[in-house]
1. Over all directions, how big on average is the projection of the convex hull of the alpha-carbon atoms in the stretch D:431-513, in square nanometres?
2. Using a Förster radius of 30 Å, what is the FRET efficiency between D:LYS516 and C:LEU20 based on their Cβ-Cβ separation? Nearest 0.05, please.
3. Taking R0 as 35 Å, what's the FRET efficiency between D:MET409 and D:TRP287 from their Cβ-Cβ distance, rounded to 0.05?
4. Can you give the net charge of the other residues whose Cβ lies under 12 Å from the Cβ of D:ASN514, counting K and R as +1 and D and E as -1?
5. Among A:ALA90, A:ALA285, A:ALA227, which one shows the biggest mean-square fluctuation in a GNM of chain A, springs joining Cα atoms closer than 10 Å?
6. Just to confirm the number: angle between the C-alpha axis of helix A:101-128 and the first principal axis of chain A, 0 to 90 degrees, nearest 10?
7. Please compute, for peptide A:225-236, the average count of beta-carbon atoms on other protein chains lying within 10 Å of each residue's beta-carbon.
8. If the cut-off is 24 Å between C-alpha atoms, which lysines fall inside it for D:LYS170, apart from same-chain ones fewer than 8 positions away?
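Just so it is clear, none of the values below were taken in a lab; they were calculated from the coordinates. The model shown is predicted, which means the values in this text are computed figures rather than measured ones. Every residue, glycine among them, receives a Cβ derived from its backbone with ideal geometry; neighbour counts consider all protein chains shown.
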Amino acid sequence: MTNQSTNSTGQVHHLRRMTIIWVVLSVVGDVLFSIFVAPHVPPGRLSETAANNQNTFNVLMEMAIPVLLGVWVYLSYSLIVWGDKRNASAAFSGAAARTNKTAQVSWIVITSVTILFLAAYGSFAVITEHGSGGGEGPNPAWAPAGALKAETAALVGKATWSPGSKNVLPVQVIGQQWKFTYRYPTFGGFESPQLIVPADTTIAFNVTSLDVIHSFWAYQLDVKADANPGVNDVAFTETKNPGNFIVRCSELCGIWHGSMYNSGKVESQADFENWATTTEAANAANTALLPAFAWTYTPDANGADGGYYNDTNDPYSTVETYGSKQPS
Amino acid sequence: MSNTLKSTGPSDTPEEREYEMRAHISSIWTGSRLFIGIYTFMLASLVFSYFYLRSSNNGLLWRPDHVTAPRPYGLLVFGFSLLTSMLAYFGRKRLVKGSFSDFSVAAWSGVGTGLLALLFQILEFSHLGFFPGSSGYASCFVGFAVMNIGTLVISAYWLETTVARGMRIRRELSGDNPEFSSHPRARAFRADVASMAYFQVFVALTGALLFAMFYLM
Amino acid sequence: MSLTGRLSTAIGLFLVAVGLIGWTLMAFLHPGTDGGYTNYTVGHAAGAPVSVELQSVGSIGTGYGDHPTWVSYLQKDPATGKWIHDTSMILPANTVVHMTILNYDSGSPLRNQEWGQVQGTIGNTATLNGKSFKVYNSYTGNGVGHTFAVPSLDVSVPMIGVNGNLTNICGQAPCGSLPHNTITFSFKTGAPGSYNWQCFVPCGLGYLYGNGGGMSTFNYMGGFLKVVA
Amino acid sequence: MTISEERSTEVTGAASGHPHKARGLSWTQRPGIFSQNIITAAVVAILGYVLGHWFGNYLSSGYDYIQNSGQNNIANTLALAFGVVGWLLGIGALNYPFAKLFGVDGLEEESPVDNWTKYFRYSLDHKVVGLQYVVGVLLFLFTGGLLAMAVRAELLNPTTHLFSPDTYIKIVSEHGTIMMMMMTSVIVGPLGNYFVPLMIGARRMAFPRIEALSFWIFTAGFMVIFSALPYGGFPTGWTGYAPLQTQAGPGMVSYLLGFAVIGVGMILAGFNQAVTIINYRAPGMTWSRVPIFVWSILATAALLTLATPVLFAGGLFGLLDKTVQTAFYVTEHGGSSYLWENLFWFFGHPEVYIMALPGFGIAAEILPVFTRRPLFAYKVAAAGMIGVALLSFFVWQHHLFQSGINPDMRPLFMLTTELISIPTGFIFLVGMGTLYRAKIRLEIPMLFVLALFFNFLIGGVTGVFLSDVPVNVTVHGGFFVLSHFHYTIMGGLLFAFMAGLYFWLPKMTGKMMNKKIGKIHFWMMFVFFNLTFFPMFIIGLLGQPRRVFSYATNLQGLNDFSSVSAFLLGLSFLVFFYNLIWSMWIKPEIAPANPWESMGLEWQTASPIPPYNFERIPVIMTDPYRYSEDGAPAFADLGNGGPSDSSTHSMA
């Protein structure tokens, strides 16, 4: 091997040899990945969002494998062929200093094209998939059909959903230290510590917080949206089959951050309606005491009687709040 | 920092001395410009916060009832600070023209006005008229006032050290005007004064912008 | 310095460093919560219900550590009958637990009235001074001071506050016969595992959103239930 | 005495190496018990702390609710701030600023104390500061590493806890903050301060006092941030998100003030480096002849000086929220919880490249030496570093993809973020091009550089995953991110630091690191680093969020694997410390003048390096890294009488 590296045409041979090894390994790697790993890439395919994001992940992975292998093959080849175990090579390698312009230009062109393709592909995915399950803020730029209408209707208590109606179901996620609770504006605005959603339905998660920043992460649905106080962060997903999923807080929110999780369920549409109407009735007494349904609440920053801000202006805001009512 | 020459090694040719002297003087030039860059980014954070909170208007509490910090104090602080900058700037002009005594009178008055501005900026805290946490504007104002204390201290300190140095050099040069001396320390002094005057212009401009934001808008 | 001198100095310094690190760990990090568990499985007959008694106080006072002004739960040691500052317990699995909680703290309107609803207990009810209730309107009466909630078991019960205008509100635990509300309820422990229980009412005085201090420090307003087979 | 007389005596004094009683001899240089050193610094710092505490109590005495709250943040803040000022006062850093008020401009620069105690003093010699930084950074690293061991120990079991939840969060936060603060200085501080003047042929830094000040501020910042633990810790992680920040206890003050103090140190260090590189290059060192490591330090310095002021402002606002109760970050009082996120990440993302660029610089600097090849595409490498530095100011919102800010801007930030991988890719082009048909000498520094390429590749590729918004939904805020940035920062920068230490310690101390122990260290660190962090990608994809004390029971196997590997990774650092102490102190082996046969200017000066670095100011004759041409002219003419290419001949 070392003999060949020094002959006059060795340069071509090295590159050709590396390229062959690289192509073979990349093809094998990609095929193995797509057969054995790709279908099982987390978080599964419980929702349309999860499935789409899994596809994107797999596309990136199929591209990453050749990149990784390219560098690894090159490094290994260099070490094996050109490595100098005794560290006793001549002080001067002999070859003239050369800056191969072709190599530089083609490297820059190839990386740029790859990067631009990735950015275009990612943008296409995030736009066509309605934010891909990420929190889109109060004014979603890319909403599924009917979602904005359902959101508006929910605010005035006129949103409807029934099995087979194909309506978008808005669900409010309220983060508070250290628990998520959920409100269902379509069912009288009841609040529950359980998250249950119907199958085959587009869900609009409206995520907000009553104190510090949390992040709502419905893992198997692949929805993630930060919960900020006073902000409605909307994320969309479309559920598929019934199944269980885990909700975790993914933004550090204090001592019990690690235990801020609960399990949610995708149930069949009939089961969901049954659960929702039952819970609505059971919770009616408490629902009447909750503040009117709104997308955001301005919690009293002083807490129940925390009193951090010691000032006569308290409470400051004129906006309707959770906990703003005073004892009669 | 005109002590460049002291770390020269055994070989101390006039060429090397001159080379290091030039490096030193251009360091003062580069350093002061870079310092303005640093300061700009810090003030930009304040300006960003101001407009960010203003446009968010969370809880309708950006600036309820359009509270404003006491304008008389604001005018005093800004006025004296502006006066410092102008005295430093025009003092330097006189220095370039050759009048060291004009420069030193202007600079010492500038230090005085700068300290007055500082005094009023601190006194203003006791006459705010609003609770720091009562609104976005109130918070930003407190942030601005604290940063402004820093600016005033730096501007007065830089002005004071240049004039004090100029006087000492003049004494040690037996009365020669440092503006015309080719002595290394005098050359470094001139670079320092030029940079200081440049910084004072920056202070005046940003001061005007922040004054408009916090007292007029 | 000779080779042995340097060697022994290095080893000495190394030992000093190890000692310092160990001391820092002991002094600042209070490792371990295992000592804080109260065991309810000792001498427990399988299937028989377990009784647990807690009290919640507005300020724990000087008897229990460095933070006399913080809110806290206290637990009655079943063996000695003493009130101890440990909030974690070891409980038998799939067993009914009768909780009795004496709340000595005043209350206020809840930020989220959801926590005014009794959930996850047997029959979804609790009793307040002997009277059964399912929902407590925190905007009336004395409001709610704390909750006892085990999120993983969906248990949540409000601790109704005492009148905040009283002059003899307990400020030094344990509180004995000072004014309090007695809340009782029962819930069933699930499968073996480690569950955490907490208060969800922002009662950490003096901190933003009322969730600092005792609310953000272990062994004050929350703990673990270690459920064992 | 006229100035010229004074000057000539000083020159003589410096040349003969003997201190002399010149006018203006500062306290730092006074011999005996009146000199200022680390002990006086500690004493004055404690006095300052006590004074600040009293002053804070005095200021807040009219406000009952602060007095009664059990956490007087005004007193805490002022105590720590006065403590920092006292530390600087005690070490002598403030002597000159005070003397300046009286027009003094010419204090001595050389420390007349030329024994080991100079390392515990306010020294203006960049080589002393460099070594001080080495020790300071290693202490910092060791503290953070111990905390990492504690984190991994807690994660051994999903339900049985070694620490209580709040203690765990404190450890995680302290680990993250210490490491992030240390990493911003890990190369710029020790190796940058030591070698930049040597590499550009300068006899000094532009502002040696600012350089020394930056080191002593760095140490003060370390103590401030460490003081969070006795104050009860802080629960926010290194990102310090508000309003959790505003809610936290007194430990948070240590975080905010510590970051602000270290921020000032970072600004000063970057300021001094940038000015030095721009103005003090030796004659003939045009921009195309600047060593690539110096380019990387210049790019880093630009980021340090321009990004850090934003952190400083953000920290100041946070401190105001916690002391005088402003409401910058409290939504309900007219502030915004997004404000901190924006300010922090506007600093935070350039900071990430502050922690990557010096590593690239070291890799590109060392590669030619051990391949005996010129650096491939030198200009592309320099352009890549500048490109990364510029672009890094326009990517910060990729940390906020799921936060609800500006959803319509997401494609833009995805684009800018992914664009950064183009200039980053240049480094791989440079590395791979240099290796091509080279004679690769696998010495220990080279092994670390090759490992850097291996690790950073994984870190970089996963970075592209993270910047893709759809994939970001799955991996944001989870262990995937955690693994990604450990691969880039630890796998990149820390490996580069190790490469730099093994490479340059012979020049710094005149002693070689033991090769056998070094090889053991390298292989342990490389293998266990990958075994620790690679599983975390999978753990993250399987849904484990960061900074949790309990996790899904089915992830215990992977977590345990990662933990055990982490302990062994920790052990590899003990091997390193053992090697360091053994080779540098206990049984040193004298290093040859140029053990790696490097053509770099820093190797051409005398050993040990004289205080003035170069006998004469060198003149740069040609491009750097002409390793392949036998008989190429020497990089610099040192003017020391020998033939201009004597150094190159001696290598063969």
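1. 6.9 nm²
2. On the way: r = 30 Å, r/R0 = 1.00.
Taking R0 as 30 Å, the efficiency between D:LYS516 and C:LEU20 is 0.50.
3. The value I calculate is 0.50.
4. Charge balance in the 12 Å sphere: +4.
5. A:ALA90
6. For helix A:101-128, the angle is close to 20 degrees.
7. Shielding by partners across A:225-236 averages 6.
8. Answer for D:LYS170, where 24 Å is the Cα cut-off: A:LYS179, C:LYS226, D:LYS322, listed by chain and number.
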